[in-house]
Each structure stands twice: as structure tokens, then as C-alpha cells.
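Working notes for the structure below.
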Amino acid sequence: MEYRRLGKSGLQVSALSFGSWVTFGHQIENNVAEECMKVAYDNGINFFDNAEAYAGGKSEIVMGNILKKMNWDRSTYVVSSKVFWGGKLPNQTGLSKKHIVEACNNALKRLQVDYLDLYFCHRPDKNTPIEETVRAMDTLIQQGKILYWGTSEWSAQEIMEAYAIARQYGLTPSTMEQPQYNMFHREKFEVEFNKLYSEIGLGTTIWSPLASGILTGKYNNEIPKDTRFELANMDWLKKEALGEDGRKNIDKAKKLTLLANELSTNLPRLALAWCLKNKNVSTVITGASKVEQLKDNLQALDVVEKLTDDVLLKIETILNNKPKFPAY
């Protein structure tokens, strides 16, 4: 396993990490979740990602029970949660100080840990001043309930505003973002955030590296019955991934599959390795509904060295979506 610094912090995270979105408490049985986490840990993965919104809190409960059972030394793993969608009532959502504090306390109970290594603002909150959110996160850090805080799917402008407020008032700044990034979703990560990597040392924990499964190749011919697209409340994901643009991406996935075969690997490993090749990626969050999937994903680390300039050019030719920087 390779380990990378998370941005400018001293925190070391495994290049491949393991997340519970969709799977824990929803798609897979608890014993499968346990086996996946054990395999991940035994293979050097030290970062486990979660959120209050995942399966309505059940995902954190499942992970917490596993962490308690495994009894791993707390210094050997990093666990995160995210705050925004905690319930349906007004103060159960968003990034107000009230919800942030209460959501953190609930996450600690569900995960059965004394502190969270990382705590992310799951989305920006237009109804709460950013200063209030920054101060709430700083309070949790001073109380020892979280060690670092970050954002997820915030704009570069919002990230910089929060950073400036923290610096102005001597609060703990956020220099960690959890954005979506994959071969088909590149503009924000590569262009909008470009200056943040050097200006504030932005670290990234990227999600959906396999584009909701499109980059596994399993949709190349038809939609299997046992995928996340068949789960309740996932119609939005199915529509997004398999709409007109999604169909074009499937055509690209077929060509990428052939290229992967030429490299003696498969499409999922190629797609993960492509993400890992980007120096601004701190860790790639993977997920799995089967242990075999996880074991296969781990082999992506061996594919990175195969991504020569020539191979990367072939990939760019197939994708034909390289973001363009604006002309100033």
C-alpha cells in the first residue's frame, strides 16, 4: 500500500481507502461488510469513510460495530463522517452550529469512537453563514471530538471563503475536500480547484472513481439485476448514469475495456489507477458489495506504473473530454 499526506496536514492516508456509501446498512449483509473491512485493513487501507446520511445512520452503526469487534489499535486507522442530511425536520439538516454539534455527537455514538479523524461538511449550506460553520468546526476541534475538518462538493469560492474566515479569526481552516472525480467527471477537480492545490495545499478524498459503476464495464451490454441502480431511492443515480450522456460514456467504457485488456488488466483497475496517477488526489475512496471486488480494486496500485505518457494519450483520445482552462 502507498500512503499519501492529506494535503498540507501531517495525516497519512492510504492511496486507496474504503467507503460505505450505498453498501453498509443497505445493499450488503453485515457479515460481508465486516469481511470487506477486514480485507481492506489487512491490505494496508487505513481510511474508512462514512456519513450520517448513509442508510439514515445505519451505515455508521454497522461500521462502528465492526470497529469495536476488530479492536484495532486506534492509531492504525482513520475514520470519517459527514454532516448535512440528518433528518427531515428543520434543525436536523444543514450546517448550523446546532446540527453540526448534535450530528457529531450522534456519529461518535454510532461509530463507537472517542473522536473522528475527519469530519466533512457534506454539501454547502446556503441558509447558514459560512462563518458559523467554520466556528462550529473549530469548537469541535478544540473539544477533541474531531481532529480535522473538510468539505464535500463545495465550490472553490466557498472553500476559499471558509479558509479566509478561519485565517482572519484564528480558527482552524479546512484544507480538505471530498469531490467526485473520475474519467467522466473532471472539470471541477482539474480546473476549478487547480489553484487551491498550491495556494492552500488542498487535500482530496475523491469519491465515485468508477463513475457509479460505468467504469467497471458491467453496463457495457446490459443492466444487471443486482446493482445499486435497482435499489430503492437510487432512481436519480440510474437516470444520471444511464441517460444520454451516460450512454455515450458506456460507449467509451467499451473502448477503455479493450485498452485495459491490452495492458493485461481490467477496466476498474485502469480507472482507479488513472485517478491515482493524479498528484492532487490524496486518496481514492473505493466501495464494494463483494470481497472479490475489493481484492480486485486493490490491484489497481500495480497498474499505475503502466500508465505511461503513451497510454495516457490513448486514454485521452478515447475520453475526448480534457477540461480547458479559461483564457484570462
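Taking other Cβ atoms within 10 Å as a rough exposure proxy, Thr175, Thr283 sort from fewest to most as Thr175, Thr283.
Taking Ile45, Ile318, Ile146 in turn, the Gaussian network model of the chain (Cα-Cα springs below 10 Å) assigns the largest fluctuation to Ile318. Legend: residue pairs Lys195/Lys218; Lys58/Lys126; Lys279/Lys324; Lys8/Lys322; Lys195/Lys255, Cα-Cα distance threshold 25 Å; pairs beyond threshold, Lys195/Lys218; Lys58/Lys126; Lys8/Lys322; Lys195/Lys255. In units of the compact-protein estimate 2.2 N^0.38 Å, the range 94-147 shows a Cα radius of gyration of 1.07. Using only Cα atoms, find the angle between the long axis of helix 267-277 and the longest principal axis of the chain, and express it within 0 to 90 degrees, rounded to the nearest 10. Once rounded, the angle reads 50 degrees. Arranged from fewest to most other beta-carbon atoms within 10 Å of their beta carbon, Thr151, Thr308 become Thr308, Thr151.
Phi angles across the range 15-28 convert, under the Karplus curve 6.51 cos²θ - 1.76 cosθ + 1.60 with θ = phi - 60°, into 3J(HN,Hα) values of 4, 10, 10, 10, x, 10, 4, 6, 7, 5, x, 9, 8, 10 Hz, Gly and Pro given as x. May I ask you to work out the translational diffusion coefficient for the range 58-199 at 20 °C, viscosity 1.002 mPa s, via Stokes-Einstein with Rh from the Kirkwood sum over Cα pairs, reported in whole µm²/s? The Stokes-Einstein estimate is 135 µm²/s. Between the residues Trp85, Trp207, Val284, the greatest Cα displacement towards the positive end of the dipole of the chain, with unit charges on the Cβ of Lys, Arg, Asp and Glu, is found for Trp85.
Compared with the dominant Cα axis of the chain, that is its longest principal axis, helix 97-111 is turned about 70°.
Say each of Lys279 and Lys69 gets a label point 7 Å from the Cα, pointing the same way as Cα to Cβ; how far apart are those two points in nm? Reported label-point gap for Lys279 and Lys69 is 4.3 nm. Dividing the radius of gyration of the alpha carbons in the range 1-123 by their Kirkwood radius gives 0.96 for Rg/Rh.
Report, for the range 30-157, the % of DSSP beta bridges that are antiparallel, rounded to 5. Around 10 percent of the beta bridges assigned by DSSP in the range 30-157 are antiparallel ones. Secondary structure note: in the chain, about 20% of the DSSP beta bridges are antiparallel. For the range 101-225, the antiparallel share of DSSP beta bridges with both residues in that region comes to about 10%. For the pair the range 263-328 / the range 164-204, the C-alpha centres are spaced 20 Å from each other. Alpha-carbon geometry of the range 61-101: the Rg and the Dmax are 14.1, 38 Å, given in that order. In terms of surrounding Cβ atoms within a 10 Å radius of their Cβ, Trp72, Trp207 rank from fewest to most as Trp72, Trp207. Full extension of the chain between Asn194 and Asp114 yields a length gain of 25.3 nm, computed as 0.36 nm times the residue separation minus the alpha carbon distance.
Read the figures in this text as sums done on the coordinates, not as results from a lab. These numbers come from a predicted model, not from an experiment. Don't worry about glycine lacking a Cβ; one is built from the backbone with ideal geometry, like all the others, and counts go over all protein chains shown.
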